[in-house]
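The values are calculated or read from the model by the stated rules, or taken from the named source; none is laboratory data. Remember, predicted model here, so these are calculated numbers, not experimental data. With ideal geometry, Cβ positions are generated from the backbone for all residues, glycine too; neighbour counts draw on all protein chains shown. Areas reflect the complete protein model, heavy atoms only, side chains present, ligands, DNA and RNA absent. Shrake-Rupley method; radii C 1.70, N 1.55, O 1.52, S 1.80 Å.
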Amino acid sequence: MKRRAALLALLITTAAQAQQADGQAEARANFNRTVVLAADDVRAFPKPPAGFDDANPALPQGQVVEFGYDSAVTRTQRQALVYLPPGYSPQRRYPVLYLLHGIGGNQHEWRGYVRGTAVLDRLLAQGQAQPMIVVMPNGRARADDAPPPAERTFTPDHIAAFASFEADLLNSLIPAIDAKYATLANADHRAIAGLSMGGGQSLNFGLSHRETFAWVGGFSSAPNTRPAAELLHGKGDFKLVYLSCGNRDGLINVSQSMHRELKALGVAHVWNVDEYGHDRESWAENLYHFAQRLFR
Ligand code: FER
């Protein structure tokens, strides 16, 4: 009997440790945090017009192409999606937005789930955004970069792969894009933005690399977001820093902290708090607002 009890105790600790190690419990706790709103946690922009994120086949469509590149981080060929604006011509040169997905997604998430390319097609058709190339990478820089099964999503190695993407992006993807497409290959014409895990990546990589990105956006950024003081070297004269989150999103404390840190450091930024949770509606709407302000 004693031996059985000891075995049971051992099994229980192992299960508890496994739960800790797989990150699920911590992520659940983060999503379930109580939202505490401050007076300035309000909308910066009105809601977009109805249908702003619906595909409209009557309008010119940007062309979305698969782009393969050799990654010096993973030593594999990796895939990204590239949106070329309607009328794209190699005779002209375009600014570039790098648009990053969330923890369960891949390079298709912005186009498919969020309908981000439909948002861009409409903005461009109405002359409300500058023609731009949009690169949608897979931000999970590991040899097997497929989204893991749900119960493996928050494991330390998958989370680490989102940090490893920094070197993949800077040293492999950006040079490959600039070599293949008619880009304006400088910081003033390069933006980075993303949702959730991709929002954290965008803030981490963008705010610490002003020499590469002048335009930075984090939508519903995840707890991978690092403190502003660690990221910014000096005040950072960005063209645009844009933060958004829903006021029903348990992760909003991450964006609130970044907003307050930037304010304390004197870094001008947009802070848009809408009424959503951790939802695609918030991401589509914030892409709509962000894209209109890019490259002006
Ligand atoms: C976490 C909760 C959520 C976390 C990441 C996320 C790194 C990411 C969510 C998403 O990308 O949608 O604790 O830890």
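Considering only residues of segment 111-129 that are of a type in the set (S, T, N, Q) and surrounded by fewer than 18 Cβ atoms within 10 Å (Cβ to Cβ), which is farthest from Gly199 (Cα to Cα)?
Of the residues in segment 111-129, the ones of a type in the set (S, T, N, Q) are 117, 126, 128.
Then keep just the ones that are surrounded by fewer than 18 Cβ atoms within 10 Å (Cβ to Cβ); that gives 126, 128.
Details: Gln126: 27, Gln128: 23 Å.
In this case the residue turns out to be Gln126.
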### Task
Scan segment 91-110 and report the pairs whose first residue is under 13 Å from Phe295 (Cβ atoms) and of a type in the set (Val, Ile, Thr) and whose second residue is part of a strand (DSSP E or B) and away from the ligand (no atom under 15 Å from the Cβ), with Cβ atoms within less than 9 Å and a gap of 6+ or a chain change.
Val96/Ile133; Val96/Val134; Val96/Val135; Val96/Thr183; Val96/Arg190; Val96/Ala191
### Task
Check segment 231-240 and report whether any residue there is under 25 Å from Arg111 (Cα atoms) and either not charged (D, E, K, R) or not in a helix (DSSP H, G or I) (or both).
yes
## Note on the structure
Checked Ala44, Ala80, Ala58 against criteria (open to solvent by less than 60 Å² (accessible area, probe 1.4 Å) and in a loop (DSSP other than H, G, I, E, B)); the one match is Ala44
### Task
Could you tell me which residue of segment 239-261 is nearest to Asp188 (Cα to Cα), considering only residues that are surrounded by fewer than 22 Cβ atoms within 10 Å (Cβ to Cβ) and touching a Leu at 6+ places or on another chain (Cβ under 8 Å)?
Leu240
### Task
Would you confirm whether any residue within segment 149-165 is more than 22 Å from Thr74 (Cβ to Cβ), surrounded by fewer than 21 Cβ atoms within 10 Å (Cβ to Cβ), within 13 Å of the ligand (Cβ to nearest atom) and of a type in the set (A, V, I, L, M, F, W, C)?
yes
#### Entry: Those residues of segment 167-212 which are free of Cβ contacts under 8 Å to residues at least 12 places away in the same chain and under 15 Å from Asp237 (Cβ atoms), in sequence order
Asn186
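Yes/no matrix, rows are residues, columns are (1) more than 16 Å from the ligand (Cβ to nearest atom); (2) β-branched (Val, Ile, Thr):
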{"position": "Gly62", "(1), (2)": "yes, no"}
{"position": "Gly68", "(1), (2)": "yes, no"}
{"position": "Ser71", "(1), (2)": "yes, no"}
{"position": "Arg93", "(1), (2)": "yes, no"}
{"position": "Leu99", "(1), (2)": "no, no"}
{"position": "Gly112", "(1), (2)": "no, no"}
{"position": "Ile133", "(1), (2)": "yes, yes"}
{"position": "Gly139", "(1), (2)": "no, no"}
{"position": "Arg142", "(1), (2)": "no, no"}
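Can you tell me which residue in segment 265-296 is nearest to Gly246 (Cα to Cα), limited to those that are in a strand (DSSP E or B) and open to solvent by 10 Å² or more (accessible area, probe 1.4 Å)?
Residue satisfying both the conditions and the ranking: Trp271.
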### Breaking point among (1) over 23 Å from Gln292 (Cα atoms); (2) in contact with a Ser or Thr (Cβ under 8 Å, 6 or more places away or on another chain); (3) touching a residue at least 40 places away in the same chain (Cβ under 8 Å), for Gln77
(3)
### Task
Being at pLDDT 95 or above, open to solvent by 50 Å² or more (accessible area, probe 1.4 Å) and either more than 15 Å from Val64 (Cβ to Cβ) or within 13 Å of the chain's Cα centre (by Cα) (or both) narrows it down to one of Gln91, Gln107, so name that one.
Gln91
### Message
Whether any residue in segment 223-237 is more than 16 Å from the ligand (Cβ to nearest atom) and surrounded by 24 or more Cβ atoms within 10 Å (Cβ to Cβ) is what I want to check.
### Response
no
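Does Ile133 qualify as being open to solvent by less than 10 Å² (accessible area, probe 1.4 Å), of a type outside the set (Ser, Thr, Tyr) and in contact with a Pro (Cβ under 8 Å, 6 or more places away or on another chain)? Talk me through it step by step, then tell me what you get.
Values: open to solvent by less than 10 Å² (accessible area, probe 1.4 Å): yes; of a type outside the set (Ser, Thr, Tyr): yes; in contact with a Pro (Cβ under 8 Å, 6 or more places away or on another chain): yes.
Spelling it out, Ile133 is indeed open to solvent by less than 10 Å² (accessible area, probe 1.4 Å), of a type outside the set (Ser, Thr, Tyr) and in contact with a Pro (Cβ under 8 Å, 6 or more places away or on another chain).
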### Message
What's the total number of residues in segment 170-204 that are within 15 Å of the ligand (Cβ to nearest atom), closer than 24 Å to Gly68 by Cβ and either assigned to a helix (DSSP H, G or I) or basic (Lys, Arg) (or both)?
### Response
4
